[in-house]
Every structure is written in structure tokens, then in C-alpha cells.
Amino acid sequence: MRTTEPNGEPPPPINLEFEIMVLLGGSPDGSSLAFAAWNHDMSTMQIDYDSVAEIYDLYVTADYDIPFFLEEARKIDGPVLELTAGTGRLSLPLVQAGVQLTCVDGSRGMLDVLSRKLTQRGLNAEVRCADVCQLAFPPSFRLAILPFQSFMEIVGKERQRQALAAVHACLAPGGRFICTFHNPAIRRTQVDGVLRLVGRFPTQDGTLVVSGFEQGGHPVVTRLQFLEFFGSDGQLRSKQMLPMEFAFIEKDDFDCMARQAGFHVLDLFGNYDRSPFHAERSPVMIWVLQKEESQQRQAADGAAHRR
Ligand SMILES: C[S@@+](CC[C@H](N)C(=O)[O-])C[C@H]1O[C@@H](n2cnc3c(N)ncnc32)[C@H](O)[C@@H]1O
């Protein structure tokens, strides 16, 4: 599966120590200390997407999940809630297909880019800056989606439970929540401290080279991502560093949290072609959850069943 998502991608190892040394601007000894300090402070960080909002679309060009979500959204008559919408990689195709979309993201910068793109194309969607763990919508949505494995950026069981409860509260009875994240068994093989190239992407006047390395993974992964801009002459123009943090989520843990939040599991796919999840092979988990119908309805169903 070709992916350019920020927390994805394998490719070839490059010189880790040299890269860190250059980026942190110090000697090999100094840089190790600086990295250790950064690593220590990661436990409660929010990824600073504002700092990459204007360049995000240059290097995040994945489209493998769009047909899947278009199909799911088309089943729904009514408003759809997209969580962690970012700059609208998925939102735009959904709105273009006629989906009545509300886009939520925690980064004002990412949403500014999304709003600009909607305006430029003459499209309409409600855009709201909010934390997924603290949503405040009436229970009106028939479908909520949290795509691109971004649930992993909600770190810690407490926050994950809050997010599930918050999404549950936005859904109409019987409404669905599609939540995606990487299969730890597969994705963890890339968490080895080795610097990997994500890709080389054309810019207006040169190339953006994105690379990164990851450490930890039990369950929290710390990732340091590098964004280097080269001119058409091949000279380095500028560099940016993006510290990231995300968490692996085990299947049984999520299953338990989702049920406790009042969902039941309709489907668990292991890829965007809807193949069933396989613990040792599937790259992702795509959970299709459903908010239980109201208690009254359940009681009525129960009574009918007993008769
Ligand atoms: C990897 S980007 C994905 C953006 C977009 N969905 C895409 O497919 O390109 C992750 C996005 O999740 C947002 N995000 C992460 N945690 C969040 C939270 N707790 N509440 C709201 N947004 C959050 C970030 O601001 C960022 O825009």
C-alpha cells in the first residue's frame, strides 16, 4: 500500500546521526543530549500541525481511502461528521460528491487551508475547530468518520475513552462511527530508530524531502519528522523539524473501550478493500461501530423477542 501519511512509510535507511546532528545544530554529543531532552518531554505533546499547515498538501498526497469513505458516506441520508479533517484531503472529495459535511480539527492552521480550498472551489461545509475529546454537537449525525489512522494521535486511554464518548454523543441512535488506526503488529516494525525517507515532493521552485525516525511503541511512539526544502539548483534552502507522538492501540483494548462507550461492532476491516482484519497481515484496523438504538427501542425489541 502506497502511503504518504505523516505516521506511515517504510523506505531506505539514511544517516541518522548526521541528520539529527545537522537538524539540532550541534556536535554529535550535544545533539544526543538535545534529543534525549526532547524525547523526555513528549508524553503530553500535541503535534504542532499549525506549523506545517501551509505545506502539508505538498507531502501528504495519499488517496487510497477515498473510495471507501465515499461509499460509506453515500449510504447516509443526512449530515456527516468528519473528525481530524485537516486540510481536507478527504473532505473535498466528500463535499464534491454531495455529502453534507461538518469538518472538525484541532488545528486552526489546517482548517484555514481547508476553508480556503472550499472557497476557491465554490464548495460548502461547516468547519469547526475543536478537540475530538470535547465535541459539542447535538446527537444528529448518522455517520461520523475519523480517517487516516489519526485516532492514534489521541494518546492515552483516558483521552481515547473521552473521544469515543464525545463521538457517541454526536450520533443519532443507530448512527455509525468509522474509526481507523494502524495494526500495531505490522506498523511496529518501523519503530526502530532508523531514519527513513518518506518521499521527495515537487514544490513551486524545487523539491521537498521528508524523512523521519521513530522510537518507543509500547504503546507511545515518538517520531521526529524532517522537512527539507531544496531549490531547483539542488541547494538546501530551509529545514523544519516536526516532533510527533502517537500511540499504538491493540484490537482488544479498542473493542472494550468502544463497547463501554455504548457502541457495538458492525465490522472490522483490515484494509480499504474491505478485506476482513487479520491480526498478522492487515496493515490497518477499520472499525465500523454503531451507536445502540435508544433504551426504549431496545426494551421494545427485547419484549418482542420474549413473546
Ligand atoms: C495526519 S493529519 C490528517 C489530516 C486529514 N484527515 C488527512 O487525511 O490528511 C491529523 C489531523 O488530526 C488532527 N488532530 C489530531 N488530534 C486531534 C484532536 N484530539 N482533536 C482534533 N483534531 C486532532 C490534527 O490537527 C491533524 O490535522
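For region 126-134, the criterion of being assigned to a helix (DSSP H, G or I) and out of contact with any Gly (no Cβ under 9 Å at 6 or more places or on another chain) is met by at least one residue. Out of the residues in region 74-94 meeting the condition of being assigned to a helix (DSSP H, G or I) and surrounded by fewer than 22 Cβ atoms within 10 Å (Cβ to Cβ), tell me which one is modelled with the lowest pLDDT. Result: Arg74.
Going through (1) among the hydroxyl-bearing types (Ser, Thr, Tyr); (2) within 16 Å of the ligand (Cβ to nearest atom); (3) more than 20 Å from Val265 (Cβ to Cβ) one by one, Thr119 falls short only on (2). Screening Ala144, Ala130 for residues that are surrounded by fewer than 21 Cβ atoms within 10 Å (Cβ to Cβ), small (Gly, Ala, Ser) and within 13 Å of the ligand (Cβ to nearest atom) leaves exactly one candidate, Ala130.
Residue by residue, here is whether (1) surrounded by 14 or more Cβ atoms within 10 Å (Cβ to Cβ); (2) in contact with a Cys (Cβ under 9 Å, 6 or more places away or on another chain); (3) of a type outside the set (A, V, I, L, M); (4) in contact (Cβ under 8 Å) with a residue 24 or more places away in the chain holds:
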{"site": "Ala166", "(1), (2), (3), (4)": "yes, yes, no, yes"}
{"site": "Gly174", "(1), (2), (3), (4)": "no, no, yes, yes"}
{"site": "Pro184", "(1), (2), (3), (4)": "yes, no, yes, yes"}
{"site": "Gly206", "(1), (2), (3), (4)": "yes, no, yes, yes"}
{"site": "Ser211", "(1), (2), (3), (4)": "yes, no, yes, yes"}
{"site": "Glu214", "(1), (2), (3), (4)": "yes, no, yes, yes"}
{"site": "Leu236", "(1), (2), (3), (4)": "no, no, no, no"}
{"site": "Met241", "(1), (2), (3), (4)": "yes, no, no, yes"}
{"site": "Ala247", "(1), (2), (3), (4)": "yes, no, no, yes"}
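Kindly indicate whether Phe201 is crowded, with 17+ Cβ neighbours inside 10 Å and over 28 Å from Phe69 (Cβ atoms). Taking the combined requirement at face value, the residue does not satisfy it.
The values are calculated or read from the model by the stated rules, or taken from the named source; none is laboratory data. Model, not experiment: these values are computed from the prediction. Every residue, glycine among them, receives a Cβ derived from its backbone with ideal geometry; neighbour counts consider all protein chains shown.
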